[in-house]
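My questions all concern the structure below.
All of the numbers you see were taken from the coordinates with simple rules; none came from a lab. Predicted, not measured: the structure shown is a model, and the values here were computed from it. Quick reminder, even Gly has a Cβ in these numbers, built from the backbone with ideal geometry, and neighbours come from all protein chains shown.
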Amino acid sequence: MQKPYPPVYYADYLQLDKLLSCQNPKSDEYGKHAHDEMLFIIVHQAYELWFKQIIHELSSALNLFSKEKTDEKDLGTAVARLRRITAIQKVLIEQLNIIETMTPLDFLDFRDYLIPASGFQSFQFRIVENMLGLSIDNRVKLDNKNYYSLVSDEHQKLLLDSQNNLSLHQAVDKWLSRIPFLDIGGYDFLLEYANAVTRMIGNERDIIINNPSLSDEKRNRQLDEFENTKKKFEALLDENKHNELVASGNRRFSYRSTLAALFINLYRDEPILHLPYRFLTYLVDVDENFTTWRYKHALMVQRMIGSKVGTGGSSGHHYLMQTAEKHKVFSDLLEIPTFLIPRSELPDLPDDLRSRLAFSYELK
Ligand code: HEM
């Protein structure tokens, strides 16, 4: 049988001549060879390649979620995309160990040649952040400047485009708000859940008050904590209070989306909710992995340059620690465990709803 395609040569297919001629240390250009600059370049380039792959996966997930309907097959594909991103992120986190084999003195051999270039200008990293849905209001400013102010005009355009396009956060918010199970037939999830919470909270209060091993001081402290938890539940059960949290920037998902995320987490044992639950879990994983990377990068930077300013002009370690703390996208999902109640307290679902949850469904 005739081969339908011409033969391919490994090095040509991967364009290795191009790829392997992109490592040009500044120290060699200036005639002051610094051995570790090659590592520095290659590690950064490897990161950028992986960022490109993450953008590829995110674009695909976003395409699936931009549709009017997201069926189970699409959800399964989106889960696979996110799973791959988390596998790549583990490599990204590990890869910092390689750069840490360079000592601060070795870095000083070539650091000054790089000013003012910095990872701060990694436009692909910013595109990933924007595609996930990191909002400009939540970003830590560098020297009162926006994240896109230090990149070229061409890259600025890319960043503004990615900032204005639909983000995964927005797409997931819309998808959650369409989930149909919250009020089907005579079933009202919020009412059932509120009743269960009232019962549970009443029990918890009784347990604290009647616990003979608690001193008065400890009992009062526990009652204060109990009141705080109660207030959080009250905010969840009241749409206006939720909207106030959204207005003050403490929540981002709509009220209905928040309830849908809660429903999926509470009833995740129902067959039809397995996939949505896995999807939400991967979103949290992706967010957490970037946070882990940010912390590890910040610690590596402290080890490498102490409290010096960065080549990009930031306060270095201090700035990076702030981004690790603040640059979280799916913080709404991180709040969900606050509102979980034990399986034993979960209201039973009506039979007709349970049977619908056991079969394939179409999201409205
Ligand atoms: C010797 C190694 C490194 C040092 C000393 C270092 C230092 C810094 C510093 C100080 C910043 C803050 C901005 C500035 O003032 O420049 C920064 C930001 C950044 N670096 Fe690195 N870095 C190193 C390696 C890497 C590597 C290997 C990557 C991988 C791509 C990377 C990616 C980034 C990114 C994406 C930012 C922006 C973070 C943000 O604004 O949230 N860095 N780096």
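Please sort through the DSSP H helices of the chain and keep those with an alpha-carbon extent of at least 18 Å along the long axis and a Kyte-Doolittle average not below -0.5.
Taking the DSSP H segments of the chain (at least 18 Å long, mean hydropathy at least -0.5), we get 37-66, 72-99, 189-210, 274-305.
Hey, another quick one. As an exercise, take the mean of 1/r over every pair of distinct alpha carbons in region 122-220, invert it, and state the Kirkwood radius in angstroms.
Mean inverse Cα-Cα distance, inverted, gives 18.5 Å.
Moving to a separate point now. Find how many whole Å separate the alpha carbon centroid of region 222-252 from the alpha carbon centroid of region 132-186.
A separation of 24 Å, based on Cα centres.
Compare SER27, SER344, SER307 in a GNM of the chain, Cα atoms joined below 10 Å, and give the one with the largest fluctuation.
In this elastic network of the chain, the residue with the biggest mean-square fluctuation among SER27, SER344, SER307 is SER344.
Filter the cross-link list LYS90/LYS145; LYS18/LYS296; LYS52/LYS90; LYS3/LYS52 down to pairs whose alpha-carbon distance in this structure exceeds 23 Å.
In this structure, LYS90/LYS145; LYS18/LYS296; LYS3/LYS52 lie more than 23 Å apart at Cα.
At a temperature of 10 °C and a viscosity of 1.306 mPa s, determine how fast the chain diffuses translationally according to Stokes-Einstein, using the Kirkwood radius over alpha-carbon pairs as Rh; express D in µm²/s, rounded to the nearest whole number.
This corresponds to a translational diffusion coefficient of 66 µm²/s.
Hey, another quick one. If you average the C-alpha positions of region 264-282 and of region 113-127 separately, how far apart do those two centres end up, in angstrom?
38
Sticking with this one: If you take the Cα Rg of region 192-281 and divide it by 2.2 N^0.38 Å, with N the number of residues, what do you get?
Ratio of Cα Rg to 2.2 N^0.38 Å: 1.36.
How high is the relative contact order of the chain? Use alpha-carbon pairs under 8 Å, at least six apart in sequence, and give a whole percent.
Computed value for the chain: 25 percent relative contact order.
May I ask you to list the aspartates and glutamates whose Cα is less than 14 Å away from that of LYS326, ignoring any residue fewer than eight positions away on the same chain?
Leaving aside aspartates and glutamates fewer than 8 places away in the same chain, those within reach of LYS326 are GLU129, ASP137, ASP287, GLU288.
With a/c under 1.5 counting as rounded, go ahead and sort region 255-323 into rounded, prolate or oblate using the C-alpha gyration tensor (a ≥ b ≥ c being the square roots of the eigenvalues; past the cut-off, prolate if a/b is larger than b/c, else oblate).
In terms of gyration-tensor shape, prolate.
So which residue, out of LYS308, LYS241, LYS32, gets the largest mean-square fluctuation from a GNM of the chain using Cα contacts under 10 Å as springs?
Residue with maximal mean-square fluctuation among LYS308, LYS241, LYS32: LYS32.
Specify the inter-centroid distance of region 287-327 and region 1-65, based on alpha-carbon positions, in whole Å.
Taking the Cα centre of each part, region 287-327 and region 1-65 sit 25 Å apart.
Dividing the alpha-carbon radius of gyration of region 245-364 by 2.2 N^0.38 Å (N being the number of residues), what value is obtained?
Against the compact-globule rule of thumb, the ratio is 1.47.
A further question on this structure: Compute a Gaussian network model of the chain, connecting alpha carbons closer than 10 Å, and tell me which residue from SER315, SER59, SER331 fluctuates the most.
Evaluated over the chain, the most mobile residue of the options is SER315.
Continuing with this model, one more query. Lys/Arg Cβ at +1, Asp/Glu Cβ at -1, dipole of the chain taken about the Cα centre: which of PHE40, TYR113, PRO271 is farthest positive-ward?
Checked the options; the winner is TYR113.
Also, quick follow-up: Once every DSSP H run of n ≥ 4 in the chain is given -39500 (n - 2.57) and the sum is divided by its residues, what mean residue ellipticity at 222 nm do you get, rounded to the nearest 500 deg cm²/dmol?
-20000 deg cm²/dmol
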